[in-house]
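The values are calculated or read from the model by the stated rules, or taken from the named source; none is laboratory data. These numbers were taken from a predicted model, which means no experiment stands behind them. Note: ideal-geometry Cβ built from the backbone for every residue, glycine included; neighbour counts use all protein chains shown.
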Amino acid sequence: DTTNALLRIGGDQDLARLAPAGSCNGFLLLCNSDAAAENNTNSSSSSSSSWSSAAAPPVCLWNPLTGHQIQLPPAPTAAGFPEPLHAAVGLGPDPTTSAPKIVRILYYNRPTMFGFVWTSQVQVLTVGGAWREMGRTVWNLKPGPAEATLQLVNNTAALHWLTLGLVGQGSSRAVKIVSFDLREEMFREIAFPATCFEGLGRDRYTISHLAELSGRLSAVVSGPPDHEATSPLEVWAMKEYGVKESWARDFVIGNHHSPPPPLMNPTSYEGGPLRVLCRIRRSTTTRAVFLVQFGGGGLASYCPENQELKELVVVPGLPRFFSAALHMESM
(Lines give C-alpha, C1' and ligand atoms only; values in the text may rest on other atoms or scores of the structure.)
Protein backbone atom coordinates (compact mmCIF):
# COMPACT_ATOMS: atom_id res chain seq x y z
CA ASP A 1 0.00 0.00 0.00
CA THR A 2 1.08 3.59 -0.60
CA THR A 3 0.70 6.54 1.74
CA ASN A 4 -0.45 10.01 0.74
CA ALA A 5 1.04 11.94 3.64
CA LEU A 6 4.14 11.93 5.76
CA LEU A 7 3.48 10.94 9.36
CA ARG A 8 5.80 12.82 11.70
CA ILE A 9 6.62 11.59 15.17
CA GLY A 10 5.11 13.76 17.88
CA GLY A 11 4.36 13.69 21.57
CA ASP A 12 5.49 15.21 24.82
CA GLN A 13 9.17 14.47 24.32
CA ASP A 14 11.34 15.49 21.39
CA LEU A 15 10.89 12.23 19.50
CA ALA A 16 12.13 13.82 16.27
CA ARG A 17 15.65 13.35 17.66
CA LEU A 18 15.09 9.62 18.10
CA ALA A 19 15.77 7.00 15.44
CA PRO A 20 14.00 3.66 14.83
CA ALA A 21 16.06 0.52 15.44
CA GLY A 22 13.51 -2.29 15.17
CA SER A 23 9.81 -3.19 15.02
CA CYS A 24 7.70 -5.68 17.00
CA ASN A 25 3.98 -6.08 17.78
CA GLY A 26 3.14 -2.70 16.26
CA PHE A 27 5.86 -0.87 18.21
CA LEU A 28 8.98 0.85 16.93
CA LEU A 29 12.09 0.79 19.09
CA LEU A 30 13.41 4.36 19.31
CA CYS A 31 17.00 5.12 20.29
CA ASN A 32 18.68 8.38 21.22
CA SER A 33 20.55 9.19 18.02
CA ASP A 34 21.85 12.46 19.46
CA ALA A 35 23.69 10.55 22.20
CA ALA A 36 25.22 8.28 19.59
CA ALA A 37 26.41 11.21 17.52
CA GLU A 38 28.01 12.82 20.58
CA ASN A 39 29.71 9.60 21.66
CA ASN A 40 31.12 8.94 18.21
CA THR A 41 32.13 12.42 17.06
CA ASN A 42 35.69 11.25 16.48
CA SER A 43 34.75 7.95 14.84
CA SER A 44 35.36 7.47 11.12
CA SER A 45 32.60 4.85 10.91
CA SER A 46 29.58 6.98 11.76
CA SER A 47 28.42 7.56 8.20
CA SER A 48 25.19 5.57 8.28
CA SER A 49 22.07 6.60 10.15
CA SER A 50 21.39 3.02 11.22
CA TRP A 51 24.85 2.89 12.82
CA SER A 52 24.18 5.98 14.95
CA SER A 53 20.72 4.91 16.04
CA ALA A 54 21.93 1.49 17.15
CA ALA A 55 24.94 2.85 19.04
CA ALA A 56 22.58 4.97 21.12
CA PRO A 57 20.72 3.85 24.25
CA PRO A 58 17.13 2.61 23.69
CA VAL A 59 14.64 5.15 25.01
CA CYS A 60 11.10 3.94 24.34
CA LEU A 61 8.75 1.83 22.25
CA TRP A 62 6.28 3.84 20.18
CA ASN A 63 3.17 2.71 18.30
CA PRO A 64 2.70 5.08 15.31
CA LEU A 65 -0.90 3.93 14.82
CA THR A 66 -2.13 4.63 18.36
CA GLY A 67 0.54 7.04 19.61
CA HIS A 68 1.08 4.81 22.66
CA GLN A 69 4.56 4.97 24.20
CA ILE A 70 6.32 2.59 26.58
CA GLN A 71 9.25 4.15 28.40
CA LEU A 72 12.23 1.83 28.81
CA PRO A 73 14.46 1.65 31.89
CA PRO A 74 17.90 3.20 31.35
CA ALA A 75 20.35 0.73 29.85
CA PRO A 76 23.07 -0.22 32.36
CA THR A 77 26.61 1.05 31.98
CA ALA A 78 29.63 -1.04 32.93
CA ALA A 79 31.85 0.42 35.65
CA GLY A 80 35.35 1.15 34.43
CA PHE A 81 34.36 0.94 30.77
CA PRO A 82 34.69 3.85 28.33
CA GLU A 83 31.86 4.88 26.01
CA PRO A 84 31.14 2.08 23.52
CA LEU A 85 32.78 2.49 20.12
CA HIS A 86 29.82 0.97 18.35
CA ALA A 87 26.85 -1.31 18.98
CA ALA A 88 24.34 -3.65 17.40
CA VAL A 89 20.72 -3.85 18.52
CA GLY A 90 17.73 -6.04 17.81
CA LEU A 91 14.04 -6.21 18.69
CA GLY A 92 11.76 -9.24 18.51
CA PRO A 93 8.94 -11.05 20.34
CA ASP A 94 9.64 -13.07 23.46
CA PRO A 95 8.59 -16.65 22.53
CA THR A 96 6.94 -17.25 25.91
CA THR A 97 5.05 -14.01 26.58
CA SER A 98 5.10 -12.32 23.13
CA ALA A 99 6.35 -9.19 24.90
CA PRO A 100 8.94 -7.19 22.93
CA LYS A 101 12.50 -8.25 23.74
CA ILE A 102 15.49 -5.97 23.10
CA VAL A 103 19.01 -7.28 22.55
CA ARG A 104 21.92 -4.85 22.67
CA ILE A 105 25.56 -5.71 21.95
CA LEU A 106 28.14 -3.07 22.89
CA TYR A 107 31.78 -3.00 21.82
CA TYR A 108 34.54 -1.32 23.83
CA ASN A 109 38.24 -0.63 23.59
CA ARG A 110 38.84 -1.21 27.30
CA PRO A 111 42.05 0.04 28.94
CA THR A 112 43.98 -2.48 31.07
CA MET A 113 47.42 -2.54 32.68
CA PHE A 114 48.66 -4.34 29.55
CA GLY A 115 47.15 -1.86 27.10
CA PHE A 116 43.78 -1.67 25.38
CA VAL A 117 41.64 -4.78 24.99
CA TRP A 118 38.76 -5.02 22.49
CA THR A 119 35.76 -6.54 24.27
CA SER A 120 31.98 -6.83 24.06
CA GLN A 121 28.97 -6.73 26.37
CA VAL A 122 25.53 -8.29 25.70
CA GLN A 123 22.41 -6.82 27.33
CA VAL A 124 18.83 -8.15 27.10
CA LEU A 125 15.57 -6.50 28.15
CA THR A 126 12.12 -8.10 28.04
CA VAL A 127 9.66 -5.21 28.19
CA GLY A 128 8.06 -5.14 31.62
CA GLY A 129 11.22 -6.47 33.27
CA ALA A 130 14.75 -5.25 33.93
CA TRP A 131 17.91 -5.23 31.86
CA ARG A 132 20.01 -8.40 32.19
CA GLU A 133 23.72 -8.78 31.53
CA MET A 134 24.38 -11.79 29.29
CA GLY A 135 28.17 -11.78 29.25
CA ARG A 136 30.16 -11.39 26.03
CA THR A 137 30.09 -12.61 22.45
CA VAL A 138 33.04 -13.48 20.23
CA TRP A 139 31.25 -12.06 17.17
CA ASN A 140 31.98 -8.53 16.05
CA LEU A 141 28.52 -7.80 14.67
CA LYS A 142 27.94 -5.21 11.97
CA PRO A 143 26.88 -1.98 13.71
CA GLY A 144 23.21 -1.16 13.44
CA PRO A 145 19.82 -2.80 13.89
CA ALA A 146 19.35 -6.50 13.20
CA GLU A 147 18.83 -6.88 9.45
CA ALA A 148 16.36 -9.78 9.53
CA THR A 149 13.94 -11.08 12.17
CA LEU A 150 12.40 -14.49 11.45
CA GLN A 151 9.62 -16.47 13.10
CA LEU A 152 10.88 -20.07 13.30
CA VAL A 153 8.96 -23.35 13.25
CA ASN A 154 9.78 -24.18 16.88
CA ASN A 155 7.65 -21.28 18.13
CA THR A 156 10.57 -18.95 18.58
CA ALA A 157 12.14 -16.07 16.70
CA ALA A 158 15.70 -15.15 15.80
CA LEU A 159 17.52 -11.92 15.03
CA HIS A 160 20.21 -11.87 12.34
CA TRP A 161 23.26 -9.71 11.72
CA LEU A 162 26.31 -9.79 9.50
CA THR A 163 29.71 -9.94 11.21
CA LEU A 164 32.89 -7.96 10.73
CA GLY A 165 35.00 -10.84 12.05
CA LEU A 166 35.82 -11.91 15.59
CA VAL A 167 36.19 -9.51 18.52
CA GLY A 168 39.78 -8.35 18.82
CA GLN A 169 40.86 -9.70 15.44
CA GLY A 170 40.01 -6.73 13.24
CA SER A 171 37.49 -6.54 10.44
CA SER A 172 37.23 -8.97 7.56
CA ARG A 173 35.56 -8.72 4.16
CA ALA A 174 34.67 -12.42 4.40
CA VAL A 175 31.54 -11.67 6.42
CA LYS A 176 29.46 -14.32 8.17
CA ILE A 177 25.83 -14.48 9.28
CA VAL A 178 25.09 -14.72 13.02
CA SER A 179 21.69 -15.26 14.66
CA PHE A 180 20.41 -14.70 18.19
CA ASP A 181 17.67 -17.12 19.29
CA LEU A 182 15.17 -15.17 21.41
CA ARG A 183 14.11 -18.28 23.36
CA GLU A 184 17.50 -19.78 24.16
CA GLU A 185 19.23 -16.36 24.14
CA MET A 186 22.23 -17.79 22.32
CA PHE A 187 24.28 -16.70 19.30
CA ARG A 188 24.83 -19.10 16.40
CA GLU A 189 26.60 -18.88 13.07
CA ILE A 190 24.38 -19.44 10.02
CA ALA A 191 26.45 -21.27 7.40
CA PHE A 192 26.53 -19.69 3.94
CA PRO A 193 27.95 -21.62 0.96
CA ALA A 194 31.04 -20.20 -0.75
CA THR A 195 29.65 -21.52 -4.05
CA CYS A 196 27.35 -18.49 -4.24
CA PHE A 197 30.35 -16.39 -5.26
CA GLU A 198 31.41 -18.65 -8.15
CA GLY A 199 31.65 -16.80 -11.44
CA LEU A 200 31.51 -13.44 -9.67
CA GLY A 201 35.16 -13.06 -8.76
CA ARG A 202 34.48 -14.67 -5.40
CA ASP A 203 37.49 -13.08 -3.68
CA ARG A 204 35.99 -9.63 -4.25
CA TYR A 205 32.28 -10.24 -3.70
CA THR A 206 30.62 -10.31 -0.31
CA ILE A 207 27.23 -10.32 1.43
CA SER A 208 25.98 -6.74 1.33
CA HIS A 209 23.01 -7.13 3.68
CA LEU A 210 20.31 -9.49 4.93
CA ALA A 211 16.54 -9.40 4.60
CA GLU A 212 13.46 -11.41 5.49
CA LEU A 213 11.75 -12.11 2.16
CA SER A 214 8.58 -14.20 2.04
CA GLY A 215 9.36 -15.61 5.50
CA ARG A 216 12.85 -16.76 4.52
CA LEU A 217 16.28 -15.55 5.52
CA SER A 218 17.79 -13.93 2.44
CA ALA A 219 21.30 -12.64 1.72
CA VAL A 220 22.13 -10.04 -0.91
CA VAL A 221 25.50 -10.64 -2.57
CA SER A 222 27.14 -7.48 -3.92
CA GLY A 223 30.17 -6.59 -5.98
CA PRO A 224 33.60 -5.25 -4.97
CA PRO A 225 33.66 -1.90 -3.13
CA ASP A 226 34.92 0.07 -6.15
CA HIS A 227 32.00 -1.15 -8.31
CA GLU A 228 29.41 -1.98 -5.64
CA ALA A 229 26.83 0.52 -6.92
CA THR A 230 26.78 -0.82 -10.48
CA SER A 231 27.60 -4.52 -10.13
CA PRO A 232 24.66 -6.98 -10.30
CA LEU A 233 23.09 -7.98 -7.00
CA GLU A 234 22.28 -11.63 -6.39
CA VAL A 235 19.58 -12.42 -3.83
CA TRP A 236 19.99 -15.84 -2.17
CA ALA A 237 17.29 -17.43 0.00
CA MET A 238 17.60 -20.12 2.68
CA LYS A 239 14.76 -22.46 1.67
CA GLU A 240 15.01 -24.52 4.89
CA TYR A 241 16.16 -22.55 7.91
CA GLY A 242 19.43 -23.76 9.41
CA VAL A 243 20.28 -26.05 6.48
CA LYS A 244 23.37 -24.84 4.61
CA GLU A 245 22.59 -26.90 1.52
CA SER A 246 19.18 -25.23 1.14
CA TRP A 247 20.62 -21.85 0.09
CA ALA A 248 19.65 -21.09 -3.52
CA ARG A 249 19.80 -18.06 -5.77
CA ASP A 250 16.37 -16.46 -5.84
CA PHE A 251 16.77 -13.61 -8.32
CA VAL A 252 19.24 -11.07 -9.72
CA ILE A 253 19.01 -7.28 -9.90
CA GLY A 254 21.06 -5.98 -12.81
CA ASN A 255 21.06 -2.24 -13.47
CA HIS A 256 20.39 -0.60 -10.12
CA HIS A 257 22.51 2.54 -10.22
CA SER A 258 21.06 5.10 -7.85
CA PRO A 259 19.72 8.24 -9.59
CA PRO A 260 21.48 11.49 -8.60
CA PRO A 261 19.70 13.77 -6.13
CA PRO A 262 18.38 17.15 -7.30
CA LEU A 263 20.90 19.95 -7.92
CA MET A 264 23.80 17.48 -8.25
CA ASN A 265 25.77 16.93 -11.44
CA PRO A 266 24.95 13.37 -12.62
CA THR A 267 28.50 12.91 -13.96
CA SER A 268 30.01 13.50 -10.52
CA TYR A 269 27.58 11.34 -8.57
CA GLU A 270 28.84 7.91 -7.51
CA GLY A 271 25.51 6.60 -6.26
CA GLY A 272 25.33 3.76 -3.77
CA PRO A 273 24.41 0.09 -3.43
CA LEU A 274 20.74 -0.79 -3.61
CA ARG A 275 19.08 -2.34 -0.54
CA VAL A 276 16.32 -4.96 -0.78
CA LEU A 277 13.73 -4.23 1.92
CA CYS A 278 10.77 -6.58 1.55
CA ARG A 279 8.33 -8.26 -0.80
CA ILE A 280 5.31 -6.18 -1.78
CA ARG A 281 2.04 -8.09 -1.58
CA ARG A 282 -0.32 -7.30 -4.44
CA SER A 283 -3.69 -8.91 -5.05
CA THR A 284 -3.86 -7.83 -8.70
CA THR A 285 -0.86 -9.84 -9.89
CA THR A 286 0.90 -13.09 -9.13
CA ARG A 287 4.30 -11.63 -9.97
CA ALA A 288 6.76 -11.22 -7.14
CA VAL A 289 7.51 -7.52 -6.62
CA PHE A 290 10.05 -6.26 -4.09
CA LEU A 291 10.50 -2.90 -2.39
CA VAL A 292 14.08 -1.63 -2.64
CA GLN A 293 15.93 1.51 -1.60
CA PHE A 294 18.71 3.26 -3.47
CA GLY A 295 21.97 3.89 -1.63
CA GLY A 296 21.43 7.64 -1.48
CA GLY A 297 17.74 7.42 -0.61
CA GLY A 298 14.69 6.97 -2.79
CA LEU A 299 12.42 3.94 -3.06
CA ALA A 300 11.69 1.71 -6.03
CA SER A 301 9.85 -1.49 -6.88
CA TYR A 302 11.60 -4.36 -8.64
CA CYS A 303 9.99 -7.26 -10.51
CA PRO A 304 12.45 -10.13 -11.18
CA GLU A 305 10.18 -11.62 -13.86
CA ASN A 306 10.50 -8.68 -16.25
CA GLN A 307 13.58 -7.12 -14.57
CA GLU A 308 11.74 -3.82 -14.18
CA LEU A 309 13.15 -1.38 -11.62
CA LYS A 310 10.65 1.45 -11.19
CA GLU A 311 11.33 4.42 -8.94
CA LEU A 312 8.36 5.22 -6.71
CA VAL A 313 6.84 8.65 -6.24
CA VAL A 314 8.41 10.32 -3.23
CA VAL A 315 6.05 10.93 -0.31
CA PRO A 316 5.32 14.69 0.00
CA GLY A 317 7.54 16.25 2.65
CA LEU A 318 10.12 13.45 2.63
CA PRO A 319 13.74 14.62 2.19
CA ARG A 320 15.74 13.36 -0.79
CA PHE A 321 18.13 11.46 1.50
CA PHE A 322 16.59 9.21 4.15
CA SER A 323 16.84 5.76 5.71
CA ALA A 324 13.96 3.27 5.61
CA ALA A 325 12.87 0.80 8.28
CA LEU A 326 10.22 -1.92 7.98
CA HIS A 327 7.23 -1.75 10.31
CA MET A 328 3.99 -3.74 10.59
CA GLU A 329 1.13 -1.76 12.11
CA SER A 330 -0.87 -3.27 14.95
CA MET A 331 -3.27 -1.99 17.60
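Quick notes on this structure:
- With respect to the conditions (1) at pLDDT below 65; (2) β-branched (V, I, T); (3) touching a His at 6+ places or on another chain (Cβ under 9 Å), T267 lacks only one, and its number is (3).
- S246 vs. criteria loosely packed, with under 15 Cβ neighbours inside 10 Å, at pLDDT 80 or above and among the small types (G, A, S): yes
- Looking across the stretch 73-102 at every residue that is within 15 Å of P57 (Cα to Cα), surrounded by fewer than 22 Cβ atoms within 10 Å (Cβ to Cβ) and of a type outside the set (S, T, Y), the one that is modelled with the highest pLDDT is identified as P73.
- Residue match in the stretch 117-139 (condition: of a type outside the set (A, V, I, L, M, F, W, C) and more than 21 Å from P57 (Cβ to Cβ)): no
- Scanning the stretch 132-144 for residues that are among the small types (G, A, S) and crowded, with 22+ Cβ neighbours inside 10 Å turns up just one, G144.
- Residue match in the stretch 287-297 (condition: surrounded by 12 or more Cβ atoms within 10 Å (Cβ to Cβ), aromatic (F, W, Y), under 21 Å from the mean Cα position of the chain (by Cα) and at pLDDT below 80): yes
- The test for being modelled with pLDDT under 90 and within 20 Å of A21 (Cβ to Cβ) does not hold for P111.
- In the set C278, C303, only one residue is within 25 Å of S214 (Cα to Cα), modelled with pLDDT of 80 or more and within 18 Å of the chain's Cα centre (by Cα); that residue is C278.
- Among (1) touching a Leu at 6+ places or on another chain (Cβ under 7 Å); (2) surrounded by fewer than 21 Cβ atoms within 10 Å (Cβ to Cβ), the one test that G129 misses: (1)
- Residue match in the stretch 145-157 (condition: touching a helix residue (DSSP H, G or I) at 6+ places or on another chain (Cβ under 8 Å), in contact (Cβ under 8 Å) with a residue 24 or more places away in the chain and surrounded by 13 or more Cβ atoms within 10 Å (Cβ to Cβ)): yes
- Test: residue in the stretch 189-208 that is of a type outside the set (D, E, K, R), outside any loop (DSSP other than H, G, I, E, B), surrounded by fewer than 17 Cβ atoms within 10 Å (Cβ to Cβ) and modelled with pLDDT of 85 or more: no
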